[in-house]
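First the structure, in the form of structure tokens, and then the observations on it.
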Amino acid sequence: MRISVLTLFPEMFAGFTSSSIVGRSIDRQIASVDFVQIRDFAKDRYKHVDDKPFGGGAGMVMKCQPVVDALNSVRSDTSHVVLMSPSGVPYTQEKAHELAGKEHLILLCGHYEGMDARIGKYVDEEISIGDYVLTGGELASMVIMDSVIRLLEGSIKEESAADESYENGLLEYPQYTQPREYDGECVPSVLLSGNHQKIREYRRLQSLLITKEKRPDLFARYDLSKEDIRLLERFKKEGWSTYEEEAQS
Ligand code: ADE
């Protein structure tokens, strides 16, 4: 997959594209990332990319011409253009999967108070990464790149992605590693039992309960299986006792 980022601040991406899973995926040519400096397309001698808003108001607005020319320098028939914007559609894991299927993703990062509204005609969609305002779209585009690149085939192990929060509509169960006891807190005994069926049940129940507590909105939308209902009903009657006994047997 190719990702082109249109930005006024390409230097912000240096650490991001050379580190961790994103860096490794680029090294392995699973993804390629290139940058287009929007300012290179400014036409006046001072390389202005913004101007005062018509009708008055605070701040500056990015002009159509440099942005559209920058877009046209990289776009082709297979490109999918996304504008990073606090007034875009909220980003989700489902959208990450959809974008991961694109051949060429163009991420357009705004700065200043926003973009001339007429730029909307040249983009396929507007995405927001949350209900807060960033100084520019650069951090938002990194969030999108990170979440998309890790879904590409060969980027991370398939199993590690499948169990993650949001992948099946629920939050992830809690994980533990060595030591077995830390500061008086022990790893749940069922995880040491070697009983894989019990461990699967325990993790499933944890996922259900954690989602119910932390994200009641996700839980309400989730379609519980017969097995989920059985696990939840048993938990209501017996608490964690089924899983605690396992370690002793
Ligand atoms: N640009 C500024 N704030 C943003 C947000 N919350 N999401 C995406 N792009 C942005």
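The values are calculated or read from the model by the stated rules, or taken from the named source; none is laboratory data. In this text the structure is predicted, and so the values were computed from the model without any measurement. Positions of Cβ are generated from backbone atoms using ideal geometry, with glycine treated the same way; all protein chains shown enter the neighbour counts. Note: areas computed on protein heavy atoms with side chains; ligands, DNA, RNA excluded. Shrake-Rupley method; radii C 1.70, N 1.55, O 1.52, S 1.80 Å.
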### Message
Using Cα springs under 10 Å in a Gaussian network model of the chain, which residue among V74, V187, V61 shows the largest mean-square fluctuation?
### Response
V187
### Angle in degrees between helix 196-214 and the longest Cα principal axis of the chain, rounded to the nearest 10
50 degrees
### Query
Which residues' amide hydrogens lie under 5 Å from the amide hydrogen of H80, considering only partners 5 or more residues apart or on another chain, with H built in the peptide plane?
H104, L105, I106
### Task
Using a 1.4 Å probe and ignoring any ligands, DNA or RNA, find the accessible area of E172 and quote it in Å² to the nearest 10.
60 Å²
### Message
Need the list of lysines near K102 for cross-linking: C-alpha distance under 23 angstrom, and skip anything on the same chain fewer than eight residues off.
### Response
K121, K157
### Message
To test your reading of the geometry: what angle, between 0 and 90 degrees and rounded to tens, separates the Cα axis of helix 64-74 from the longest principal axis of the chain?
### Response
70 degrees
### Message
Taking amide H atoms as placed 1.01 Å from N in the peptide plane, list the residues 5 or more away in sequence, or in a different chain, whose amide H sits under 5 Å from that of E126.
### Response
L83, V89
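Efficiency by 1/(1 + (r/R0)^6): what FRET value for S18 and S160, r their Cβ-Cβ distance, R0 = 22 Å, to the nearest 0.05? Each step should come with its number before you reach the end.
Numbers: r = 22 Å, r/R0 = 1.00.
For R0 = 22 Å, the calculated efficiency reads 0.50.
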### Query
Between the DSSP loop rule and a limit of at most 16 other Cβ atoms within 10 Å, which chymotrypsin sites (Phe, Trp or Tyr not before Pro) in the stretch 35-103 are left?
Y46, F54
### Task
Rounded to the nearest 0.05, what FRET efficiency do L139 and I229 give with R0 = 45 Å and r taken as the Cβ-Cβ distance? Could you check?
0.65
### Task
Describe numerically, in nm with one decimal, the distance between label points set 7 Å from Cα along Cα→Cβ at H48 and at K236.
6.7 nm
### Query
What percentage of the solvent-accessible surface of the stretch 2-159, computed with a 1.4 Å probe over protein heavy atoms, is contributed by carbon and sulfur atoms?
51 percent
## Note on the structure
To the nearest 0.05, the calculated FRET efficiency linking R180 and V89 through their beta-carbon distance, R0 being 51 Å, is 0.70
#### Entry: Heavy-atom accessible surface of the stretch 170-248: percent carbon and sulfur, 1.4 Å
48 percent
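With every protein chain kept in place and ligands, DNA and RNA left out, what is the accessible area per residue of the chain? Probe 1.4 Å, answer in Å².
I get 59 Å² per residue for the chain.
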## Note on the structure
Extension length gain for R28 and R215 (0.36 nm per residue less Cα distance), in nm, is 63.7 nm
